[in-house]
Amino acid sequence: MQTSNVRPYQRWRWGGDQIFHDTIIPASRTIPGTKIKNYRIDIREFLSFSNNAIVGEAIKEATKNLPDHLRLRFYTRGNGHFDFRADVIFEWLRTLNYLPGKRSFDQWYFPEETLALGGGDCEDLAFLFAALLMQSGISSYCVRVVLGSVQIHNSIGPKKTRKHDHAWVVYQKESGGWEIFDPLARVRYPNAVDQPKMETTEIEYVPVFVFNNDHLWLASTPEASVTTDSLQTYLNQRTFWKNFNPKFAAGVHNSIFDEALSEMGLWDRLFVKSVSLGIDVNTASYDPRDHFDSAYMAEGWARVQTHLATGNLTDFGLATHAIADFYAHSMYGEFAKLQPGSNSIIPFDPLVNPETQYGKPLLYDFSGLDLPDSILTPQDAAQHWNGKLISGQWFRWFAGYPNDLNSQRKDRQTLPDHDCLAVDAPTTDTVNHYFVKQGTYANQFSLRRQAAIDHIRKEYSVWPGR
């Protein structure tokens, strides 16, 4: 399940696709002792420093309240320690403010200036966060500042997609995948008012340029394809969100883990979220039993129970990720019994006979759905799976597949494709989706998301590692 309202972003190559040699932009600062105001600088200059004492002081501030064992984790090397550094620094951004202004790109602040002012706009905060990551000992190879756009997708309303230019940071985690860190999801907003949560909204981060202290790259995205050959021209053409409510950024980054595991300590919860992201990114080791794909229901629950029983936090992260995927990927949300007097489904109990937990017969109609490489017609395939709880097949050329399941592959390819059945996100672009055709997609997402939260919260309440 897409755990927050941020659309999956691993399809973009966040490390950069093509080195872009035009790194020069104008600056409009007055050179001290002169009247010279307009001159040129290199955009990489905002990140081109090392062992900066001012930024180093901010690192000390970020870590001073950590317990001794966590401070030791921050300043030493070990499995997960670099990821922990990124999380600690990101949380420290809560001490800074979002300071919107009418400055253009030729008046961006350097990290020391943002610290002195106690905040800045999206670019200023992105430069500072990247500088803090590198000052902490994270290699610049794993850090990029991104200039691109945030696209807002609504499942309802007259204008379903809106685009606003933005800046953020991506960090390459120890597991190999890139994670988005948007400073606006953490900093304070002195003049912001509360904004209601919008479950029908997703945001998508689309890069145009990415850079660190060594290089500037152009991304291979639809947004970048219409970019001119001049960085300055691109920056001049950017348009930003008018009447922006900054609390929106924080809301869309909240995940089901933040709701379900609100009683778990912050650093443990961040670790669980990191484990969840890692298993989605690591497609080379893909196993449908980890995600309840290809109708591996009993096998999936067996793994969940094994992981929960260890009391190990990594295993707990794997288990809760799988639980969320069960509700997102399987057809349980369609056939589950409803809570008495409520429009919410009863969470699945793997220790109870599954047949007693369905509110109606498990009958399917696969007409109009994609069945890649199926040896059966849609009608015959539906008949084959009637009476069994199913999920879509997920066979992708770039993903691995367990050898011990190859003998069942032909049978599982008689299932509809994953993208035709899964309810992973508030919206979908799949026109021939089972629930889009029925007109029930939005309701299915709401039901499944809440069931996943309830189920994970219950498992945490009895988890032996608590």
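The values are calculated or read from the model by the stated rules, or taken from the named source; none is laboratory data. In this text the structure is predicted, and so the values were computed from the model without any measurement. No Cβ is skipped: glycine too gets one built from the backbone with ideal geometry, and neighbour counts run over all protein chains shown.
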**OP:** Scan region 384-407 for residues that are loosely packed, with under 12 Cβ neighbours inside 10 Å, small (Gly, Ala, Ser) and modelled with pLDDT under 95 and report the count.
**Re:** 0
**OP:** For Val431, work out the one condition from (1) surrounded by 14 or more Cβ atoms within 10 Å (Cβ to Cβ); (2) among the aliphatic types (A, V, I, L, M); (3) out of contact with any Phe, Trp or Tyr (no Cβ under 9 Å at 6 or more places or on another chain); (4) without any contact (Cβ under 8 Å) to a residue 24 or more places away in the chain it doesn't fulfil.
**Re:** (1)
Subject >> Identity of the residue in region 426-454, outside any helix (DSSP H, G or I) and touching a strand residue (DSSP E or B) at 6+ places or on another chain (Cβ under 6 Å), that ends up modelled with the lowest pLDDT >> reply: Thr427
**OP:** Under 6 Å between Cβ atoms, at least 6 apart or on separate chains: pull out the pairs that start in region 126-144 with a residue that is more than 17 Å from Trp178 (Cα to Cα) and end on any residue that is charged (D, E, K, R) and crowded, with 19+ Cβ neighbours inside 10 Å.
**Re:** Ser136/Arg85
**OP:** Could you tell me whether Ser139 is small (Gly, Ala, Ser) and closer than 22 Å to Asn236 by Cα?
**Re:** no
Original post:
In region 22-124, which helices (runs of 4 or more DSSP H) lie fully inside it and hold 3 or more residues that are buried (at least 16 other Cβ atoms within 10 Å of the Cβ)?
Top reply: 53-63, 81-92, 111-117
Original post:
Across region 224-262, what is the number of residues that are modelled with pLDDT under 70 and not in a loop (DSSP other than H, G, I, E, B)?
Top reply: 7
Original post:
Taking region 365-411 only, how many residues are touching a residue at least 60 places away in the same chain (Cβ under 8 Å), of a type in the set (Lys, Arg) and more than 21 Å from Phe435 (Cα to Cα)?
Top reply: 1
Original post:
So which residues in region 178-204 are part of a strand (DSSP E or B), in contact with a His (Cβ under 8 Å, 6 or more places away or on another chain) and modelled with pLDDT of 85 or more?
Top reply: Glu204
Original post:
Any idea which of Thr76, Thr34, Thr23 is over 25 Å from the mean Cα position of the chain (by Cα) and modelled with pLDDT of 95 or more?
Top reply: Thr76
Subject >> Residues within region 386-404 that are touching a helix residue (DSSP H, G or I) at 6+ places or on another chain (Cβ under 7 Å) and part of a helix (DSSP H, G or I), tallied >> reply: 0
Original post:
Of all residues in region 448-466, which are out of contact with any Leu (no Cβ under 8 Å at 6 or more places or on another chain) and among the aromatic types (Phe, Trp, Tyr)?
Top reply: none
